[in-house]
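Contents: one structure, followed by commentary.
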Amino acid sequence: MTSYALGIDCGNTAVKAALFDENGVEIATVANNYPTHIPKPDYTEADLDECWELCADAIRRVMEKTKVDRNHVVAVGCSGHGNGLYLLDTNRAPLLGIKSLDSRAQSDVERLQKSTLFSVINRKNHQGVWSSQTAVLLHWLKRHQRETYEQIGEVLFCKDYLNFKLTGECATEWGDITASGLFDFETDSVSDELLGAYDIADIKTKLPDTLESNQVIGGITSEVSELTGLNIGTPVIAGLFDVVACAYGSEAHHLGETSVVAGTWNINQIVTDTLPPQDIFMACKLGKDRYLAIEASTCSASNLEWLVQRFFTEQIDKSSSGESVFERFNRQLEDVELNHALPLFHPYLYGSTGQSSPSANLIGLKGWHQDIHIVYAFYEGIVFAHLEHINRLRSAGYKMDSVAISGGASRSDYWCQLFADILNVEIKVSSSNEVGAKGVAMLALNSVTALLSNDRSLMDKVQTKRSQRLFRPSDERHEFYEARFKKYCALKELLADV
């Protein structure tokens, strides 16, 4: 009998359900758009009921699509975007959902950075403060929406909320809690001193238990079984912070391996056996003596999505060939001649995670430029933003010869080659489109298999059939992009105060 695992991946823009066999082969995927609600400028909110409805629908449709016997689906794993807030009230009803692109708390970030307690925060959580960080948002709620703050019953992360809806159990795991700003790496716990520095010491009792990612937290409830077609009692594991899930799904979760996620967020990470230094954006625990050193910002493929939605909607609507607008971009970009007169783009439409909040810039436009040249600038600028983070990792002493890439950019051969030429490393791309869902699904499958066979050595293994596309850098193109990147950085510095 072939066993299958269901992987659920909920990012800022989509909720996906994907079914994988025991070799990690993707059988089918269903994706639902996950709307962002913007009640005020700088607010990016989620409707929690809607989030669950979209998830349940995706599960039901992937089960119907594959026609796999429900008895053969033996495990479920969820991954979700980190930070933001997914709050339940004291009756465990949905209270408030905030996604991780939110910037309502920027003024509080600036105030905290100037406070005498900032050094305490930065020393303990190894990331300081930024606008959609969970700790900062809780601080903001307490100061600006006290009534909502006082109704909080459970503080969850995105995938924790979906796990709660699947099983009725509230729990989190090391990845999300250590990346949230709430975790004190000095004490290896959520400490009173760190929470006190945010003035949210009273929130500690609202945080769920922290489990190992592969630990089974419960089973599918009868209500969920009716909604989705999954068996009652199918085991659900604690799951993974989505960037960790992508490392697993890309087979880049071993010591010294590097992965990049080019999606809504710009994620660049390497596995290390020591706590990353303070000047790295974020540290995240993978397990005992294993960490991810993460450099990240909101400067990635979400910028291209913005361009398409604002200026290419007619082309989306008029496409009759079945070719998507992104496929058309990739085809047309092959004919763009590389020269230094092409425009440059700073991909800061959604700000950044640094102490400043820069604006996006499109620079060097000429009358002869066509729309595809603007698209080129977006592709290139997004990779340059990744290079900024990669260079910080390199400056901290981390070595990388190859990088596993996932996210929307990984589906474009042109973009993958651009990453290879600009980062000057070999780029590896998984055969699976849904790398995050694959990572958490295979972790769940191995965990359940280990429990059934009473062989706990299997629990941390994510063994999949390796099948990858490879992209190698060109010395000539790297030299061209190196000159372009110097100009990109010089212009960024000149415009910093504008």
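The values are calculated or read from the model by the stated rules, or taken from the named source; none is laboratory data. On a predicted model such as this, the values are computed, not experimentally measured, just so you know. Glycine also receives a Cβ, built like all others from the backbone with ideal geometry; neighbour counts cover every protein chain displayed. Heavy atoms of the whole protein, side chains included, go into the accessibility calculation; ligands, DNA and RNA do not. Shrake-Rupley method; radii C 1.70, N 1.55, O 1.52, S 1.80 Å.
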* Could you tell me whether Glu154 is surrounded by fewer than 24 Cβ atoms within 10 Å (Cβ to Cβ), in contact with a Pro (Cβ under 8 Å, 6 or more places away or on another chain) and among the acidic types (Asp, Glu)? => yes
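Matching residues to (1) basic (Lys, Arg); (2) open to solvent by less than 30 Å² (accessible area, probe 1.4 Å); (3) touching a residue at least 24 places away in the same chain (Cβ under 8 Å):
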residue: Phe241; (1), (2), (3): no, yes, yes
residue: Gly249; (1), (2), (3): no, yes, yes
residue: His254; (1), (2), (3): no, no, no
residue: Asp279; (1), (2), (3): no, no, yes
* Just to be sure, is Thr134 without any contact (Cβ under 8 Å) to a residue 60 or more places away in the chain, open to solvent by less than 60 Å² (accessible area, probe 1.4 Å), closer than 28 Å to Val76 by Cα and not acidic (Asp, Glu)? -> yes
* To do: Could you list, in sequence order, all residues of segment 88-109 that are hydroxyl-bearing (Ser, Thr, Tyr) and touching a Ser or Thr at 6+ places or on another chain (Cβ under 7 Å)?
  => Ser100, Ser103
* Structure fact -> The strands (runs of 3 or more DSSP E) lying entirely within segment 228-341 that contain at least 2 residues which are out of contact with any Phe, Trp or Tyr (no Cβ under 8 Å at 6 or more places or on another chain) are 235-237, 258-262, 266-272, 290-297
* Inside segment 469-498, can you point out the residues that are out of contact with any strand residue (DSSP E or B) (no Cβ under 7 Å at 6 or more places or on another chain), of a type outside the set (D, E, K, R), closer than 25 Å to Ser406 by Cβ and in a helix (DSSP H, G or I)? -> His478, Tyr481, Phe485
* Asked: Out of segment 7-47, which residues are touching a Lys or Arg at 6+ places or on another chain (Cβ under 7 Å), within 16 Å of Asp57 (Cα to Cα) and open to solvent by 20 Å² or more (accessible area, probe 1.4 Å)?
  -> Asp9, Thr29, Ala31
* In segment 211-239, how many are in contact (Cβ under 8 Å) with a residue 60 or more places away in the chain and touching a Gly at 6+ places or on another chain (Cβ under 8 Å)? -> 8
* Count of residues meeting criterion [out of contact with any strand residue (DSSP E or B) (no Cβ under 6 Å at 6 or more places or on another chain), under 25 Å from Ala437 (Cα atoms) and not charged (D, E, K, R)] in segment 81-119 -> 5
* To do: Working only within segment 91-134, note down all residues that are within 22 Å of Leu162 (Cβ to Cβ), of a type in the set (A, V, I, L, M, F, W, C) and in contact with a Phe, Trp or Tyr (Cβ under 7 Å, 6 or more places away or on another chain).
  => Leu101
* Please go through segment 145-177 and pick out each residue that is of a type in the set (A, V, I, L, M), in a helix (DSSP H, G or I) and over 21 Å from the mean Cα position of the chain (by Cα). => Leu166
* Selection within segment 191-222 - among the small types (Gly, Ala, Ser) and crowded, with 21+ Cβ neighbours inside 10 Å -> Ala197, Ser213
* Asked: Does segment 39-83 hold any residues that are in a helix (DSSP H, G or I) and aromatic (Phe, Trp, Tyr), and which are they?
  -> Trp52
* For residues that are hydroxyl-bearing (Ser, Thr, Tyr) and not in a helix (DSSP H, G or I), scanning just segment 396-423, find the one that is surrounded by the most Cβ atoms within 10 Å (Cβ to Cβ). => Ser406
* To do: Working only within segment 193-222, note down all residues that are among the charged types (D, E, K, R) and within 17 Å of Thr134 (Cβ to Cβ).
  => Asp199, Asp202, Lys204, Lys206, Asp209
* Asked: Are there any pairs, at least 6 apart or on different chains, whose C-beta atoms fall under 6 Å, with the first in segment 73-90 and under 14 Å from Leu19 (Cβ atoms) and the second among the hydroxyl-bearing types (Ser, Thr, Tyr), and if so, which?
  -> Val73/Tyr4; Val74/Ser3; Val76/Thr234
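The rows are residues; the columns are (1) more than 24 Å from the chain's Cα centre (by Cα); (2) farther than 16 Å from Tyr198 by Cβ.
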position	(1), (2)
His81	no, yes
Ala93	yes, yes
Ser103	no, yes
Val109	no, no
Val120	yes, no
* Unique match (being surrounded by 24 or more Cβ atoms within 10 Å (Cβ to Cβ) and either assigned to a loop (DSSP other than H, G, I, E, B) or at pLDDT 95 or above (or both)) among Ser180, Ser225 -> Ser180
* Structure fact -> Given (1) of a type outside the set (Ser, Thr, Tyr); (2) over 30 Å from Met442 (Cα atoms); (3) open to solvent by less than 10 Å² (accessible area, probe 1.4 Å); (4) in a strand (DSSP E or B), Leu96 misses just (3)
* Asked: Where residues in segment 157-177 are touching a Lys or Arg at 6+ places or on another chain (Cβ under 8 Å) and open to solvent by 10 Å² or more (accessible area, probe 1.4 Å), which of them is nearest to Ala105 (Cα to Cα)?
  -> Trp174
* What tally of residues in segment 424-453 results from selecting those that are in contact with a strand residue (DSSP E or B) (Cβ under 6 Å, 6 or more places away or on another chain), at pLDDT 90 or above and not in a helix (DSSP H, G or I)? -> 6
